[in-house]
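The block underneath contains the structure these notes are about, expressed in structure tokens.
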Amino acid sequence: MNLRESYPVIAALFIAAIVICGEVLVVTSSHNDFNSSITVGNDSIEFRIESDDAHTYDVLSMSDTLGAPKGVYVYYDPQYFSMASDGMSSVGGRNLDEKYYIEQLEPTFMIRDINHIDFLNAKELSDLMDKDGKGNAVIILSGALPDTVYDKKEDSKVFSWLETGGRLYWIGNVIGKYVVHEGGYDTIEKGTSLFLGSECIDSEKHQGDSEIKSNGFRDSLYLQNYETTFGVNTSLLPEGTDYLTMGYTDGTYSSTTLVSYGDGVVCVMGGEYSIYQRMDLAQIIASGVGPNTTIVENINGSVQGTSKGTIQKGDSVFITLGGFYPVYCKNHEVV
Amino acid sequence: MSFKDLFDNEKFLCRGMLIVLITGIIIRLVLGYLFDYNNDVTAWTMTIANIDSGTGLYGVAGFYYPPVWGYMLGLFGEIIEHLGVDSLGDFFTDLIFMMELYEEPSTSTPTFNFAISMFLFIGDFLCALTVYWIIDQLTQDKKKAKMGFALYFLGINVFVISMMGAMFDSFSALMILLSVCLLIKGKDMMAGGMFTFAVMTKAFPVFLIFLLVAYLIKKDREHCVKRITFAAVGAIVALVILLIPEMMTGTVMDVFSFVLSRADGSNALGLLDKLLSYGIMIVYPAIIILEIILAAYFVKHNTENVEQSLLLFMLLATAIIFINPGTPQYLIMLMPFTIISFLLFDNRLKIPLIMLMIGSSMAHLTHFSSDMVAIVMYDGLISFDTWKTLYDINLGPDHITHIIIENVGLITQYIATLLAGYYALDTIGIISKLKKKLDSEEKPEETDKTI
């Protein structure tokens, strides 16, 4: 073979080999390439992490968590009005609207070992909220609830569902301010108070510029959403309210706040739609963080092959591989 | 002794080539470590993480190009992670202020930046080598071929885009060049496959299909149907192979988001952006019409050497694509054809070549301060405060200088594109034909210039 004559063929085959090898890796990479487990002792927990490739890891032991959700549900009904603001554009790609956000939720949760989520329309949401809320997480991205579960009053279906332990994760607009119908929407005076006990949110655009460092969740869960628009001003919450605020603050409003409601939780996430917000949403739901959760211990390191260690005992252990770019997360309940 | 005298007409690795190679490698090692365009390189880190996690290229947001570069990132990520690179990057609260200019508050690690630069080096080197091969094949003049290699390998805009911008346009240019080489060698099926690879890397080469088909018709009219069929089969097979993962996951439309998002205006941020986006809907059909006319003209055009003629027409066809003004990285595709045509046909092309190098580099370098984030946040080679002062001067609230320099760069590279197209038209003989038509009554008829 004359190398000089055959150069284009050799070069083309070389490039094709690089591309096809990469393609095979794209197809074959999976959540199952990683593994983690815990062994519970009297005062401590032994953890074990496996990964063929090098990745940083974080092992987070927490107490007073909500536990992993029994079911994750996303409300989406194109027949109903949506109050979500236009959202941040994904640079160079598709506009990040409500539909695209929802499309990405399944893979986002799959990375965090939640392999099934259900999408509910207004009627199905109503059917779900007819039942006990315990352990169920409902995500609202439309910035408003449909009239099937929220009718401007304290005895609306959503509140009894929250009382029984439902977890409501709110994104897209001021919580409680709007109720939507098939053809439009109504504005509710002091609607936020029905959920959070006070009018602690406004519609102005805010952006956090400093981390909430006091409880350590920003670093431990790699929270990245720094937008505080539609976020909670926790200083206005009624005295005695159990809440946890984390992520970022602009000094007044926070990017993420979890507030107790009966046996349930209302989690308000600030900002317009963004990749960062979606990742935070999944981290918070998967880790089972609640208004009273505290960090017992956080250990980090690097794994290639197998890594083992011991961490102080809490009621759950959340393991993250990849840090800011999570490739694997798993919540281990301590029983 | 001139630069040209450093090259001899014998073996590949002469003194001049060693100087070119060592200089090019040293520049790339330094730039690759010190700089990397934050927005794009963090998209690559996110893409690798998405692949690792099993969500593929388009399952979640992060990768917005056709799939070939994504697959290459898949292999690259696997290699570096196997070699022990455990962290790809991080999010920095101190950088949130950069979002005012739509720049990400995250950055990749210097190790990652260095590694991706070395990976992109492969594209630069092979593209330069292909320029060498083409000139050598068409002229048997090794000295000229080495000049071609040097002009691409040491092209300022080439290493600015690859090493500082971390963009993969050299691979796209390489694939379309290889496609041309394979057609010349009569490897039609492989040429078709490589053409699909080029299109599935950065879409723009798709407009060149008309000229490549025209070449097959002109070269071998008797067997052209057979040859076109072979090339088409290669192209289709490659397309199917490349789209298997997306067909499996139902994300085929995402493959085309790079093109579609630039045409539907949905991502446009302001009125001007929207006008430009919707303008594309008019410009793209116009480009297609011009490419068809050019291809038809190529078939009819008198020439002694079809291959040499094809290369000159490729320059014109590529310049037509960028009638719709391209960003600095897109114009990398114009570089090899300009270099080849400059060395083979028209000395005047050195002017657009130099303008292209300077203009594209200027347009990219205007945000050089944000390219330095990694060495500031990780290595502390420059203190954050010093860097922030630099950033404010470069891109801060009064960044009028940056806007002026960027626009001068963009205008320069656009004029270079038009000028390259004009000289190509003139060398082909179209300009003289037009002039002749205008004063047809006074002057006797001329025939086409023969290349």
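Quick notes on this structure:
- Selection count, the range A:306-325, where residues are crowded, with 18+ Cβ neighbours inside 10 Å and in contact with a Lys or Arg (Cβ under 6 Å, 6 or more places away or on another chain): 1
- Residues satisfying the stated conditions in the range A:187-215, i.e. in contact (Cβ under 8 Å) with a residue 24 or more places away in the chain and within 14 Å of another protein chain (Cβ to nearest Cβ): A:K205, A:H206, A:Q207, A:G208, A:D209, A:S210, A:E211, A:I212
- For B:I156, the criteria (1) closer than 29 Å to B:Y64 by Cβ; (2) surrounded by fewer than 22 Cβ atoms within 10 Å (Cβ to Cβ); (3) over 14 Å from the mean Cα position of the chain (by Cα); (4) at pLDDT 95 or above hold in every case but one, which is (3).
- The listed residues are A:D209, A:D219, A:D186, A:D202, and the only one of them that is within 23 Å of A:I285 (Cα to Cα) and of a type in the set (D, E) turns out to be A:D219.
- Residue check, A:E272 in contact with a strand residue (DSSP E or B) (Cβ under 9 Å, 6 or more places away or on another chain), of a type in the set (D, E, K, R) and at pLDDT below 95: yes
- Failed criterion for B:Y102 (all others in (1) at the interface with chain A (Cβ under 10 Å from one of its Cβ atoms); (2) under 23 Å from the mean Cα position of the chain (by Cα) hold): (2)
- Scanning the range A:1-43 for residues that are among the hydroxyl-bearing types (S, T, Y) and facing chain B (nearest Cβ under 8 Å), we see that the one that is farthest from B:I135 (Cα to Cα) is A:S30.
- Residue within the range B:63-83 that is more than 7 Å from every other protein chain (Cβ to nearest Cβ), in contact with a Ser or Thr (Cβ under 7 Å, 6 or more places away or on another chain) and outside any helix (DSSP H, G or I) present: yes
- Residues of the range B:359-390 classified as modelled with pLDDT of 95 or more and in contact with a Ser or Thr (Cβ under 6 Å, 6 or more places away or on another chain), total: 1
- In this entry, B:A286 passes the filter for residues that are part of a helix (DSSP H, G or I), of a type outside the set (S, T, N, Q) and surrounded by fewer than 17 Cβ atoms within 10 Å (Cβ to Cβ).
- Condition broken by B:I79, with the remaining ones in (1) surrounded by fewer than 21 Cβ atoms within 10 Å (Cβ to Cβ); (2) at pLDDT below 90 satisfied: (2)
- Of the strands (runs of 3 or more DSSP E) lying entirely inside the range A:11-104, those containing at least 3 residues that are touching a Phe, Trp or Tyr at 6+ places or on another chain (Cβ under 9 Å) and among the aliphatic types (A, V, I, L, M) are A:44-63.
- Restricting A:V289, A:V303 to residues that are closer than 26 Å to A:A54 by Cβ, surrounded by 18 or more Cβ atoms within 10 Å (Cβ to Cβ) and of a type in the set (A, V, I, L, M) narrows the list to A:V303.
- Among (1) away from every other protein chain (no Cβ under 14 Å); (2) more than 17 Å from A:V74 (Cα to Cα); (3) not in a loop (DSSP other than H, G, I, E, B) - the single one A:R218 does not satisfy: (1)
- Where a residue in the range A:5-29 is in the same structural domain as A:V327 (by TED's automatic domain parsing) and its partner, wherever it lies, is crowded, with 16+ Cβ neighbours inside 10 Å and among the β-branched types (V, I, T), with Cβ under 6 Å and at least six apart: A:V19/B:V68; A:V26/B:I51; A:S29/B:I51
- Criterion violated by B:A166 - all others in (1) buried (at least 19 other Cβ atoms within 10 Å of the Cβ); (2) at pLDDT 95 or above satisfied: (2)
- Pairing each residue of the range B:357-384 that is without any contact (Cβ under 8 Å) to a residue 60 or more places away in the chain with any residue that is aromatic (F, W, Y) and surrounded by fewer than 18 Cβ atoms within 10 Å (Cβ to Cβ), provided the two are 6+ apart or on different chains, yields C-beta distances under 7 Å for B:V376/B:F384.
- Residue selected from the range B:88-120 under the condition β-branched (V, I, T) and buried (at least 24 other Cβ atoms within 10 Å of the Cβ), by the criterion farthest from A:Y222 (Cα to Cα): B:I116
- Check on A:G247, outside any loop (DSSP other than H, G, I, E, B) and over 16 Å from the mean Cα position of the chain (by Cα): no
The values are calculated or read from the model by the stated rules, or taken from the named source; none is laboratory data. Everything quoted here is computed from the prediction, not taken from an experiment. Virtual Cβ from ideal backbone geometry, glycine too; neighbours counted across all protein chains shown.
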